[in-house]
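The values are calculated or read from the model by the stated rules, or taken from the named source; none is laboratory data. This one's a predicted model, so the numbers in the text were calculated from it and none came from an experiment. Reconstructed Cβ throughout: ideal geometry from the backbone, glycine too, with neighbour counts over all protein chains shown. Ligands, DNA and RNA are stripped out before the accessible areas are found, and what is left, the full protein with its side chains, is counted by its heavy atoms. Shrake-Rupley method; radii C 1.70, N 1.55, O 1.52, S 1.80 Å.
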Amino acid sequence: MSGRVHTIVALVENRPGVLNKIASKWRQRAFNIESLAVGPSEVPGLSRMTFTVDGAAHDIEQVTKQLYKVIEVVKITDVTDQGTVARELALIKVAATKESRSAIIEIVDVFRAKVVDVGPDSLVIETTGTEDKIDAIVAMLTPFGLKELVRTGRVAMVRGGAPTVTAPSADGAGRHHRSAGEGKPKLGSLI
Amino acid sequence: MTRMKGADIIMECLRKEGVEIIFGYPGGANLPMYDALHKYPDIRHVLVRHEQAAAHAADAYARVSGKAGVCWSTSGPGATNLVTGIANAWMDSVPLVCITGQVVSWLLGRDGFQEADITGITIPITKHNTIVLDVEDIAPAIAEAFHIATTGRPGPVLVDIPRDVQQATCEFDYPEKVELAGYQPTVVGHPQQVKKAAQLIAESERPLILAGHGVVIARAAEALREVAEKAQIPVITTLLGIGGFPGSHELYQGMPGMHGMYWNNIAIQEADLVIAAGMRFDDRVTGALKDFAPNARIVHIDVDPAEIGKNVKTMVPIVGDVKNVLQQLATQIAPGRHDAWRQRLADLRRDHPSIAIPETDRLLPQYVIKKIYELSGPKAYYATGVGQHQMWAAQFFWGDNPYSFVTSGGLGTMGFEVPAAIGVQFARPLDTVWAICGDGGFQMTMEELALCTEYELPVKFAIINNNYLGMVRQWQDKFYAGNKQSVRMFQPDFVKLAEAMGITGMRVSDKAQVASSIEAALRHPGAVLLDFQVEDVEDCYPMMPPGVSLSDTIDQPRIEQPDYAR
């Protein structure tokens, strides 16, 4: 599959099994999800997902159409060609000795990252930015001894006043009757 | 409001939805539903012999009745046995509501006895599915299931309900209206697009309509006819579109594709406009996509936006219910004639009589099928299995009874015919229903014959028995150097089998007996099984070999065929 990395943003009902249904559609067309970030949106009951996937525009369009057929997907948009602000957060645990600590902190400062935990032989660094920036700081820190790395995956928002994705109606999950499972303890969360 | 058990709520919901019949099978996890059944005598339950048949029968019932089919089963193996039937309904966009019992909720995910993660399993083959974990959610879940199954592009919906939820109680409150933010199908065509399509029709000299299952599902035959007649456009129906246009109509051209009529495949390649109505450009229809309809501009009418541009580049897509769109189109198009084009099609048809049956004393399968059509009258219904007999059944169907041809198209499910014919008979109790069966497929679901005796169903079964898995044998001959492997099979005595099931059986091996045996079957008030011992090795033509273009369809190479095993 030749193409480029696409950023897809979806508003989905926050119900058990939704992620499974969405993942199933990507899998059927043999797409590999590069990153996925999920969390609550501005609308109660709706979660917002940001996918990055690598592929040709036509193939991606086909899958997003299929994804839109998942009943719990309220809205889905490919924002790749729109002006967006896109960020990722990473936590990096790096080995730090008395001798190396100040060199590491120097790098952290250059990247406008933050030290969020200090241990006797390690530091945890928090950084936010584009994938490129995170790749760069990780590359700089790796020689010190990379102990652990976690990245959230990209989240994105369209610039300016227009919303990135909008729910067709604003009343929560948009079910005009009491929706199945609503307000009940869930067996699992969305994921 | 009174408090009710979950199982009673299920039944109340079905009653609210106007359900008259459930195809099902009991087991530990749906026993509360069976316990509730007797309180609802207006809802008939049909006890199948295998859950797959419940799904197929409900599927066929839905296709003929135009209502959602309903089937249910217990958890675990009961639910997984439904899977083939659900997949079949999914591929052919049939509205099906499946209710599965599930192990008690506190055992979920703990490998309880007869637990299967049926919602997980059926994600790729349902339009929607859900597990209900609170009795108060049963009514909305079932209301949503019927709404989703029957609107937009129809499809199967599965609702999984643990046994304890069926036994819990709450007040019954059925949602009057279901509206889902993430599900708002476009049903009316965009007027601008309709206008563009009308413009293309006006400009076109060699137009064709390719009508698919959408026309049948949307009950759009009348609208299709109006468009075709007004602009004088020849109509080709796909396998599942059969019955969407009158077979005797002068504009009707039959089926295209892998075993479609040669004249249609060539016509598609020559057409300058293809109006695809409720069809999805399946590979069995298009052949090699890059060579498909090279001279044609394409108008694609489909209710599912995901079908637009999926396989074929479209000049004018129109998303909407095909009936609405065709009605819109009928008002927009100008009366037209395409005499030269229609003459060209008539010439093709004269020069390539693709479905002519050779003169012979041998008992050819095509002959049997054609005779069944000739003798069964204008109001008969047909269900087929999958394989050669299906293709012949499709080729020789030129009847006018709309929506009367039921077959497994997308999934190609052998064994569909027996339970499907039973489902059709329940939907059309007073009409003749034929199951046109392959000898292989018949043996996959023949346990259901017992239903004909139990429920007094006068289904006529015709086994086109060539002692082979005929289509596989044909491919082995054509594409695997004649290496016939695992296609010749031992056959039970089908006549004795019929008798064991309590129905009349007849063996027919002589061409001279064909008509009289069919007539006898039609006269007989009950179910009849006719075991037609047809020619062992008869290939189905025309044939477009896999991967080639429609232009390379082989018409009738009968003369060059080696004389296998005669």
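For the pair B:S551 and A:T130, a Förster radius of 56 Å applied to the C-beta separation gives a FRET efficiency near 0.65, rounded to the nearest 0.05. Inter-chain Cβ neighbour count for B:180-190, averaged per residue, equals 6 (cutoff 10 Å, partner chain atoms only).
When the Cα gyration tensor is reduced to axis lengths a ≥ b ≥ c, the ratio a/c is 1.5 or higher for chain A, and with a/b above b/c it is classed as prolate. The charge dipole of chain A, taken about the Cα centre with unit charges on the Cβ atoms of Lys, Arg (+1) and Asp, Glu (-1), comes to about 680 debye, rounded to the nearest 20.
Rounded to the nearest Hz, the phi-derived 3J(HN,Hα) couplings of the range B:450-464 under the Karplus curve 6.51 cos²θ - 1.76 cosθ + 1.60 (θ = phi - 60°) are 4, 5, 5, 6, 4, 9, 6, 9, x, 5, 9, 9, 10, 8, 8, where x marks glycine and proline.
For B:R507, nonlocal amide neighbours, meaning residues 5 or more places apart or on other chains whose placed amide H falls under 5 Å from its own, are B:D531. Eigenvalues of the alpha-carbon gyration tensor of the range B:169-272, scaled by 5 and square-rooted, set the equivalent ellipsoid semi-axes at 35, 19, 13 angstrom, largest first.
Peptide A:65-73 has a mean shielding of 6, counted as Cβ atoms of other protein chains within 10 Å of each residue's Cβ.
Close amide H contacts of B:S549 (hydrogens built in the peptide plane, cut-off under 5 Å, sequence separation of 5 or more or a different chain): B:A288. Scaled against the 2.2 N^0.38 Å expected of a compact globular protein of N residues, the Cα radius of gyration of chain B reads 0.98.
A dipole drawn for the range B:365-540 from +1 and -1 charges on Cβ atoms has a positive end, and of B:A450, B:Q513, B:G387 the residue lying farthest that way is B:G387. Normalised by the number of residues in the range B:3-171, the average gap of Cα pairs under 8 Å and 6 or more apart makes the relative contact order 28 percent.
Neighbouring Cβ atoms from other chains, within 10 Å of the Cβ of residues in B:138-145, number 3 on average. Stokes-Einstein, applied to the Kirkwood radius of the range A:4-81 over Cα pairs at a viscosity of 0.692 mPa s and 37 °C, places its translational diffusion at 265 µm² s⁻¹. In this structure, the residue pairs whose Cα-Cα separation is over 32 Å, taken from A:K69/B:K39; B:K67/B:K460; B:K230/B:K511; A:K69/B:K195; A:K98/A:K133; A:K65/B:K230, are A:K69/B:K39; B:K230/B:K511; A:K65/B:K230. Amide H contacts for B:I99 (H built 1.01 Å from N in the peptide plane; partners 5 or more residues away or on another chain; cut-off under 5 Å): B:C71, B:W72, B:S73, B:V159. Sorted largest first, the spans of the alpha carbon positions of the range A:86-151 along the three principal axes are 36, 20, 19 Å.
Charge tally for B:F172 (other residues, Cβ to Cβ under 12 Å; Lys, Arg +1; Asp, Glu -1): -1.
Remark: accessible area buried at the B-A interface is about 2400 Å², both chains counted, probe radius 1.4 Å. Counted without the sites themselves, the longest stretch of chain B free of chymotrypsin sites (Phe, Trp or Tyr not before Pro) in a DSSP loop having at most 10 other beta carbon atoms within 10 Å is B:114-489. Going 7 Å from the Cα of B:K39 along its beta-carbon direction, which residues of the range B:1-18 have the amide nitrogen within less than 12 Å of the resulting point? In the range B:1-18, the label zone of B:K39 (backbone N under 12 Å from the point 7 Å along Cα→Cβ) covers B:2-13. Remark: spin-label model distance B:Y480-B:A346 equals 4.5 nm, labels positioned 7 Å along the Cα→Cβ axis.
Computed over protein heavy atoms with a 1.4 Å probe, the accessible surface of the range A:4-81 works out to 38 Å² per residue. The aspartates and glutamates within cross-link reach of B:K177, meaning a Cα-to-Cα straight distance under 14 Å and a gap of 8 or more places when in the same chain, are B:E17, B:E144. A protection proxy built from the mean count of other Cβ atoms within 10 Å ranks the segments A:106-114, B:25-33, B:97-105, B:131-139, most packed first, as B:97-105, B:131-139, B:25-33, A:106-114.
Between B:E447 and A:R29, the simple label model (points 7 Å from Cα in the Cβ direction) yields a spacing of 3.9 nm. The simple Förster model, with R0 at 45 Å and r as the Cβ-Cβ distance, assigns B:S248 and B:R488 a FRET efficiency of 0.70. Measuring how big the protein assembly as shown is from its alpha-carbon positions, Rg and Dmax come out at 29.3, 102 Å.
Taken about its Cα centre, the range B:441-547 carries a charge dipole of about 260 debye when Lys and Arg each add +1 at the Cβ and Asp and Glu each add -1 at the Cβ. Relative to one another, the C-alpha centroids of the range B:329-352 and the range B:183-246 are positioned 15 Å apart. In this label model, B:R3 and A:L149 are separated by 5.8 nm, measuring between points 7 Å along each Cα→Cβ vector.
Legend: Rg and Dmax of the range B:3-171, from Cα coordinates, 14.0, 41 Å. Within the protein assembly as shown, antiparallel bridges make up roughly 45 percent of the DSSP beta bridges whose residues both belong there. When every alpha-carbon pair in the range B:93-233 is counted, what percent end up more than 28 Å apart? Counting every Cα pair in the range B:93-233, those more than 28 Å apart make up 41 percent. If you take the Cα centroid of the range B:357-381 and the Cα centroid of the range B:526-559, the two points sit 14 Å apart. State the Cα centre-to-centre distance between the range B:87-148 and the range A:90-145 in whole Å. Between the Cα centres of the range B:87-148 and the range A:90-145 lies a distance of 48 Å.
Estimated from helical segments only, the mean residue ellipticity of chain B at 222 nm is -10500 deg cm²/dmol, where each DSSP H run of four or more residues counts as -39500 (n - 2.57). Percent of Cα pairs in the range B:429-566 per distance bin of 10 Å, from zero to the largest separation: 11, 36, 29, 19, 6, 0. Remark: the range B:3-171 carries 31 Å² of accessible area per residue (probe radius 1.4 Å; ligands, DNA and RNA excluded). Averaging 1/r across all pairs of distinct Cα atoms in the range B:191-351 and inverting the result yields a Kirkwood radius of 15.1 Å.
Sequence-ordered 3J(HN,Hα) estimates for the range A:124-132 from the Karplus curve with 6.51, -1.76 and 1.60 and θ = phi - 60° stand at 10, 10, 10, 9, 10, x, 6, 4, 4 Hz, glycine and proline given as x. Taking θ as phi - 60° and the Karplus parameters 6.51, -1.76 and 1.60, the scalar couplings of the range B:341-347 work out to 5, 5, 5, 4, 5, 5, 5 Hz in sequence order, x denoting glycine and proline.
Extension gain, B:E203-B:E176: 0.36 nm per intervening residue step, less the Cα-Cα distance, totals 5.0 nm. Taking all protein chains into account, the per residue accessible area for the range B:191-351 stands at 35 Å² (1.4 Å probe).
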